[in-house]
Amino acid sequence: MKNNPLSSITRTQVIWSAILIILCAIYLIWTLGLLNGARLDVPYTYDGDGLEYNLLVKTTIENGWWLENPMTGAPGTLEMYDYAIGSNLDLLIMKIISLFSGNYAVVMNVYYILGFFLTALCSLYVFRQLKIAYPIAVFGGLIFSFLYYHFFRIIHYNLVSYYMVPLMVLVILWICQNESLFYRKGNSRLLSGFTLTHKGLIAAVILLITSTHSYYGYFGLLLLAVAVLWAYSRTFQRSDFFNGAIAGIILIAGILLNKLPSLIYGLFNGPSFVMSYRYAFESETWGLKLIQLLLPAQGNRIPFLADIAQKYTLYRPLVNENVSASLGIIGSIGLIILLGWIFIRGFPYIQARLDKRSPLMDHLSLLTFASILIGTIGGISAIIAQVFPDIHSYNRISLYIAFFAILTVLLFLQLLFEQYRTKPLFCPIFLILLLVLLTFGIFDQVPAGYALTPGSDREKEFQMQADYFAQIEAEMPAGSSIFILPDIGGFPNSNPPGKIKGLDSLKPYLHTHTLKWSYPTMKGRFWDNWQTAVCASNPEDMMGHLYATGFTGLLVDGYGYADGGAKTENSITTLTGTKPLISSDGRYAFYDLRNCMNQKKAGMSDAQFESAKEEYIKTMMARPELQSPLFGSELREKLTKPASA
């Protein structure tokens, strides 16, 4: 392969890329059960945080972009500028996919599947840049793409999009290797040393891509700092420092550019203290445990290994999403080598065979130790969190560790391949063994429970709710505003009562296109506080608020009440004189308030009603407590105290 990263695509590259794609498809059919008949138009994740991304994608498809949604947050408009997720590239790709299907569930599911191919292909590119043979590079790309992390994180569509991690590692390794990216080596003048090499151009693109993801960009920035110090400490040349510093500036600029709309919004509307505030202790709650890198995946297909993972989960503290850090057997072998590299690198046997690859192993070992020190509970992350607590789930740095570990295994496989490739029958036997090892590695990393099945509880719930909300949408005029009870708190950090799970109140919006819903509202902003105050009032006053703001429908989620919503529904029925439309499972009750609204508007023209509505909103906005970012949270806390006492 040519040294120029921009060299033209060759036939060999196309063939091996095609082989990788075919193998990836085969393993996806096996692990996800893509041919089992599961519906593509039902989101693979339909609860918890997964609903959050359903909202973002549907908003992006139907409103051009994800920042504003006029069909939610009624009587206002949901503005998500406070929610600076930093995953714009993911949403842009899904926006492109939506050109072929306007169904948000199809778009999300296709993107999730596409992520496996993107990750494997990006890994293949990086491994080839590091002169790993094609068969071994394909093996490594698929092992990295099929990490347990990729399946466990299915509810977080921005986290499973980790195809930029291999690319970021390549830039970090270039810095470690003292490559000239943006600054000439040995230049005596400060300003004249700046340049842009072929690798520098590739690095700049990679850095901008990585900057679109908050977590992976942030971790990349920390490791980039380690690489700069490591490179500069070995040469003390200005070029080595500036190459890394410029890379860091590009990455930071990209991160800020992605968050620019949120920064501008906060400048004019004030920061959302409730949304943005994190506690320093969270870095340890959601930190990385070294042992979890080596433990088997939860639900491992091998009963003995599954039992080991289960026992640790049951009887150890601070076990949460960090279980996704499991590297699998192949990655664990690489990690053990990297952790012990400082002790074995000097062995004559190792030195004789590694030859020119020893420096790369040095870099990988250093970066692995740095990643563990950063991510581990009570480590560097705990120090950083004292002044910068926003990034709190440091266990997610495990992806970088996984790539370092897998690359280490590939280097040793490459040595074996180079040493014996001329032997008779070695190449075909090696390829067969590599395929067997790949199959075993994926078998070990991916539990059986992630295979999609037709007619699952998820599909049944989705279809039942789709039918119910379609019935409501068919009955109500387009643009009708519907209020949802009970109040579960602002988006995205809700605190739902009763049996309501997480962001369940998003589901009505996900099933409709022409109706406006009161939920979600952005946590800590005016409409969130207003809804909390409305829900805290007595039923008669509550209905008065709803009429004043033009709501013509009311949806009661019985899961939010100890009595299944019976008392609330009886009160509303008495006040409105209307009978509700009950869902087939008895959970939801919908009230058509159009007749009541017409009675309230008797003698008023539409213009007069809109004028009265605007006056009402101005009056409410003038109330200082409704502008306080803490009002909604504090009021909800007061309301729940008697129930929990």
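Being of a type in the set (Phe, Trp, Tyr), surrounded by fewer than 21 Cβ atoms within 10 Å (Cβ to Cβ), in the same structural domain as Pro496 (by TED's automatic domain parsing) and under 16 Å from Pro486 (Cβ atoms) is true for just one of Tyr559, Tyr519, Tyr588, Tyr616. Which residue is that? Walk me through it before giving the result.
Values: Tyr519 fails: surrounded by fewer than 21 Cβ atoms within 10 Å (Cβ to Cβ); Tyr588 fails: surrounded by fewer than 21 Cβ atoms within 10 Å (Cβ to Cβ); Tyr616 fails: under 16 Å from Pro486 (Cβ atoms).
Only one candidate passes the filter, namely Tyr559.
Go through segment 515-542 and give me each residue that's in a helix (DSSP H, G or I) and either touching a strand residue (DSSP E or B) at 6+ places or on another chain (Cβ under 9 Å) or among the polar types (S, T, N, Q) (or both).
Trp527, Asp528, Asn529, Gln531, Thr532, Val534, Cys535, Met542
Take Pro496 and decide whether it is touching a residue at least 24 places away in the same chain (Cβ under 8 Å) and either surrounded by fewer than 17 Cβ atoms within 10 Å (Cβ to Cβ) or under 15 Å from Tyr588 (Cα atoms) (or both).
Numbers: touching a residue at least 24 places away in the same chain (Cβ under 8 Å): yes; either surrounded by fewer than 17 Cβ atoms within 10 Å (Cβ to Cβ) or under 15 Å from Tyr588 (Cα atoms) (or both): no.
Against the criterion (touching a residue at least 24 places away in the same chain (Cβ under 8 Å) and either surrounded by fewer than 17 Cβ atoms within 10 Å (Cβ to Cβ) or under 15 Å from Tyr588 (Cα atoms) (or both)), Pro496 does not qualify.
Please give the number of the condition Leu339 fails out of (1) in a helix (DSSP H, G or I); (2) over 25 Å from Ala370 (Cβ atoms).
(2)
Phe388 fails exactly one of the following numbered conditions: (1) under 21 Å from the mean Cα position of the chain (by Cα); (2) buried (at least 17 other Cβ atoms within 10 Å of the Cβ). What is the number of that condition?
Tallying (1) under 21 Å from the mean Cα position of the chain (by Cα); (2) buried (at least 17 other Cβ atoms within 10 Å of the Cβ), Phe388 fails exactly one: (2).
Which residue pairs have Cβ atoms closer than 9 Å, lie 6 or more positions apart in sequence or on different chains, and pair a first residue in segment 298-316 that is assigned to a helix (DSSP H, G or I) with a second residue that is among the hydroxyl-bearing types (Ser, Thr, Tyr) and at pLDDT below 95?
none
Taking the residues in segment 356-375 that are of a type in the set (S, T, N, Q) and crowded, with 20+ Cβ neighbours inside 10 Å as candidates, determine which candidate is farthest from Asn320 (Cα to Cα).
Restricting to residues being of a type in the set (S, T, N, Q) and crowded, with 20+ Cβ neighbours inside 10 Å, the top hit is Thr368.
Hey, among the residues in segment 319-353 that are of a type in the set (S, T, N, Q) and under 35 Å from the mean Cα position of the chain (by Cα), which one's surrounded by the fewest Cβ atoms within 10 Å (Cβ to Cβ)?
Once the filter is applied, the top-ranked residue is Asn320.
Counting residues that are over 30 Å from Ala105 (Cβ atoms), among the hydrophobic types (A, V, I, L, M, F, W, C) and in contact (Cβ under 8 Å) with a residue 12 or more places away in the chain, which helices (runs of 4 or more DSSP H) fully inside segment 131-230 reach at least 2?
Qualifying helices (runs of 4 or more DSSP H): 134-145, 164-176, 198-210.
What are the residue pairs meeting all of these: first residue in segment 386-405, first residue under 14 Å from Pro166 (Cα atoms), second residue part of a loop (DSSP other than H, G, I, E, B), Cβ atoms under 6 Å, and 6 or more apart or on different chains?
From residues that are under 14 Å from Pro166 (Cα atoms), the pairs are Leu399/Tyr162; Ala402/Leu147; Ala402/Leu327; Ala405/Leu327.
In segment 403-450, what residues are within 28 Å of Ala306 (Cα to Cα), in a loop (DSSP other than H, G, I, E, B) and out of contact with any helix residue (DSSP H, G or I) (no Cβ under 6 Å at 6 or more places or on another chain)?
Pro447
Here are Ala478, Ala466, Ala474: which of them is surrounded by fewer than 21 Cβ atoms within 10 Å (Cβ to Cβ), of a type in the set (A, V, I, L, M) and touching a residue at least 40 places away in the same chain (Cβ under 8 Å)?
Of Ala478, Ala466, Ala474, the one residue that is surrounded by fewer than 21 Cβ atoms within 10 Å (Cβ to Cβ), of a type in the set (A, V, I, L, M) and touching a residue at least 40 places away in the same chain (Cβ under 8 Å) is Ala466.
Can you tell me which residues in segment 143-170 are crowded, with 24+ Cβ neighbours inside 10 Å, touching a Phe, Trp or Tyr at 6+ places or on another chain (Cβ under 9 Å), of a type in the set (A, V, I, L, M) and closer than 20 Å to Asp444 by Cα?
Residue satisfying the conditions is Leu147 alone.
Residues to consider are Arg316, Arg278, Arg301; find the one that is of a type outside the set (Gly, Ala, Ser), within 30 Å of Tyr81 (Cβ to Cβ) and surrounded by fewer than 18 Cβ atoms within 10 Å (Cβ to Cβ).
Arg278
Has segment 38-55 got at least one residue that is exposed (fewer than 14 other Cβ atoms within 10 Å of the Cβ), touching a Ser or Thr at 6+ places or on another chain (Cβ under 8 Å) and modelled with pLDDT under 95?
No, segment 38-55 has no match at all.
When you go through (1) under 18 Å from Phe236 (Cβ atoms); (2) touching a Phe, Trp or Tyr at 6+ places or on another chain (Cβ under 7 Å); (3) modelled with pLDDT under 85 one by one for Thr195, which number turns out not to apply?
For Thr195, the failing item is (1).
Looking at Val138, Val205, Val171, Val160, which is the one that is under 28 Å from the mean Cα position of the chain (by Cα) and over 27 Å from Gly86 (Cβ atoms)?
Details: Val205 fails: over 27 Å from Gly86 (Cβ atoms); Val171 fails: over 27 Å from Gly86 (Cβ atoms); Val160 fails: over 27 Å from Gly86 (Cβ atoms).
That would be Val138, the only listed residue that is under 28 Å from the mean Cα position of the chain (by Cα) and over 27 Å from Gly86 (Cβ atoms).
Per-residue answers, yes or no, for (1) surrounded by 22 or more Cβ atoms within 10 Å (Cβ to Cβ); (2) closer than 20 Å to Ser324 by Cβ:
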residue	(1), (2)
Ile206	yes, no
Ile209	no, no
Gly217	yes, yes
Gln237	no, no
Asn243	yes, no
Ile252	no, no
Ile264	no, no
Leu267	no, no
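I'd like to check something: does segment 358-365 contain any residue that is part of a loop (DSSP other than H, G, I, E, B), more than 20 Å from Tyr162 (Cβ to Cβ), more than 25 Å from the chain's Cα centre (by Cα) and not basic (Lys, Arg)?
no
Tell me which residues, restricted to segment 594-630, are of a type in the set (D, E, K, R) and either closer than 19 Å to Gln471 by Cβ or in a loop (DSSP other than H, G, I, E, B) (or both).
Correct list: Arg594, Lys601, Arg623.
Do you know which residues across segment 304-313 are of a type in the set (Gly, Ala, Ser) and surrounded by fewer than 18 Cβ atoms within 10 Å (Cβ to Cβ)?
Ala306 - this is the single residue of segment 304-313 that is of a type in the set (Gly, Ala, Ser) and surrounded by fewer than 18 Cβ atoms within 10 Å (Cβ to Cβ).
Just give me the residues in segment 543-593 being in a loop (DSSP other than H, G, I, E, B) and charged (D, E, K, R), in sequence order.
Hits for segment 543-593 are Asp563, Lys579, Asp585, Arg587.
Being of a type outside the set (A, V, I, L, M, F, W, C) and either surrounded by 18 or more Cβ atoms within 10 Å (Cβ to Cβ) or part of a helix (DSSP H, G or I) (or both) is the requirement here; does Gly102 meet it?
Working: of a type outside the set (A, V, I, L, M, F, W, C): yes; either surrounded by 18 or more Cβ atoms within 10 Å (Cβ to Cβ) or part of a helix (DSSP H, G or I) (or both): no.
It is false that Gly102 is of a type outside the set (A, V, I, L, M, F, W, C) and either surrounded by 18 or more Cβ atoms within 10 Å (Cβ to Cβ) or part of a helix (DSSP H, G or I) (or both).
Can you give me the number of residues within segment 11-62 that are of a type in the set (Ser, Thr, Tyr), under 25 Å from the mean Cα position of the chain (by Cα), in a helix (DSSP H, G or I) and more than 21 Å from Ile96 (Cβ to Cβ)?
2
Which residues, taken from segment 59-85, are of a type in the set (Gly, Ala, Ser) and surrounded by fewer than 23 Cβ atoms within 10 Å (Cβ to Cβ)?
Gly64, Gly76, Ala84
The values are calculated or read from the model by the stated rules, or taken from the named source; none is laboratory data. Values in this document were obtained by computation on a predicted structure and should not be read as measured data. A quick note on method: Cβ atoms are made from the backbone with ideal geometry, for glycine too, and the neighbour counts reach across all protein chains shown.
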